[in-house]
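Some notes on the structure that comes next.
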Amino acid sequence: MTAKSFKPVKIGVIGLGRFGRLHSLTLAGLAEAELVGVVARREESLAALRKELYDVPGWTNLTQAIEESGAEAWVVACTTRSHVTVARELLEHDKAVLLEKPIAESLAEAESLAPLVRPDSSNLMIGHILLFNSEFQELREVARQRGPISYIDCVRHRPASIVQNFPGENPLHAAMVHDLYSTQVLLDCAEPDHFSAQYHRTAAGAVDLAVAQLQWNDGPVASFAASYLTPAGMPPRGFDRTEVFGEGWSARIEPNPRPISVWDNEASWPLALEVRANPPSGMMAEELRCFCRVVRNMEAVPTGATYSDAMQVQRWMQKLNAFV
């Protein structure tokens, strides 16, 4: 059976924020999927999506959506605090789930899903979108060919406006988590031996910068910086950079913003991330295609996207949180 020959997977999307909308638009254009429903907290969110996907049913009640939509799999893109409650209901109804990371706001919450997750995690795939980014895939291959990694340096800066627009959102959870997952994959899920972290706060006490270090005994060191510090004149999604060093080699990727800039009365970056929904291409489309193959038992959940992988990173974040 080829990737083109299986029956499209009937999928629903829960949460219609920025990523939930992109998931919905991308799924609507994939041959591997059939978008059969969306769920949002507010009717206004459903009405807004209908302007782009006018024939996709919508619900504000998850239980009703599960019963009426016919979806066999779901993408969970709602707020992190709702992840466990939503995922638990879906798993209890024997639905396959693609859950955006992090799993939960606390390790205990994330652990509560364990009895519902299959040993191979085939019913729960974590939304590790960077796994499917073309630059990161090439970086993984370079690292595999070149030899052991000595040092990883990850930078992920976001707009300073996030501090006001999303009060209480720690860059460790919202930004650095992506680089923790990427490092986990680059180092084959090895467990660090040493953790340290520092945080900067605004005058009002909000965390706007998280800096962390992980070290493996007799092995690599990794450093991470994630912030809400970029000014309005910079790209709307800030910028990302990852550098990897080994013996006699080094590599760098800068996947955000994408290398297209537009100028008129001001600069703009129309493609901040490798995500296009119409037609579907880039890392989100590839992630969702992979999820469809997982649902059809044609592929295992990739390393870095299993429940056990997510729990490992969740434990790392708990240790780094202790330094706040």
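The values are calculated or read from the model by the stated rules, or taken from the named source; none is laboratory data. Just so it is clear, the model here is predicted, and its values are computed rather than measured. Here the Cβ positions follow ideal geometry from the backbone for every residue, glycine too, while neighbour counts run over all protein chains shown. Side chains included, ligands, DNA and RNA excluded: accessible areas come from the protein's heavy atoms. Shrake-Rupley method; radii C 1.70, N 1.55, O 1.52, S 1.80 Å.
The set of residues in region 278-287 that are assigned to a strand (DSSP E or B) and either under 22 Å from A175 (Cβ atoms) or open to solvent by less than 20 Å² (accessible area, probe 1.4 Å) (or both) contains only G282.
For region 130-142: of the residues being touching a strand residue (DSSP E or B) at 6+ places or on another chain (Cβ under 6 Å) and assigned to a helix (DSSP H, G or I), which is least open to solvent (accessible area, probe 1.4 Å)? The extreme case among them is L139.
Of all the criteria given as (1) touching a Leu at 6+ places or on another chain (Cβ under 9 Å); (2) among the charged types (D, E, K, R); (3) touching a residue at least 24 places away in the same chain (Cβ under 8 Å), the one not satisfied by R201 is (3).
When E67 is tested against (1) farther than 27 Å from H173 by Cα; (2) touching a residue at least 12 places away in the same chain (Cβ under 8 Å), just one condition goes unmet, and that condition is (2).
I'd like to know if region 290-305 contains one or more residues that are over 24 Å from S121 (Cβ atoms) and open to solvent by 20 Å² or more (accessible area, probe 1.4 Å). No: zero hits. Considering only residues that are surrounded by 18 or more Cβ atoms within 10 Å (Cβ to Cβ) and polar (S, T, N, Q), look in region 224-257 and name the one that is farthest from Y151 (Cα to Cα). For region 224-257, the residue satisfying everything is T230.
The residue that is most open to solvent (accessible area, probe 1.4 Å), counting only those in region 194-209 that are in a strand (DSSP E or B) and farther than 17 Å from Q184 by Cβ, is R201.
Filtered by the rule that a residue be more than 26 Å from L30 (Cα to Cα), open to solvent by 50 Å² or more (accessible area, probe 1.4 Å) and either of a type in the set (A, V, I, L, M) or touching a strand residue (DSSP E or B) at 6+ places or on another chain (Cβ under 6 Å) (or both), region 258-277 gives a lone residue, V262. When region 210-223 is limited to residues that are among the aliphatic types (A, V, I, L, M) and either touching a residue at least 40 places away in the same chain (Cβ under 8 Å) or in contact with a helix residue (DSSP H, G or I) (Cβ under 7 Å, 6 or more places away or on another chain) (or both), the one that is surrounded by the fewest Cβ atoms within 10 Å (Cβ to Cβ) turns out to be V221. Just so you know, in region 26-64 the residues that are without any contact (Cβ under 8 Å) to a residue 24 or more places away in the chain and among the hydroxyl-bearing types (S, T, Y) include one that is nearest to L98 (Cα to Cα), and it is T60.
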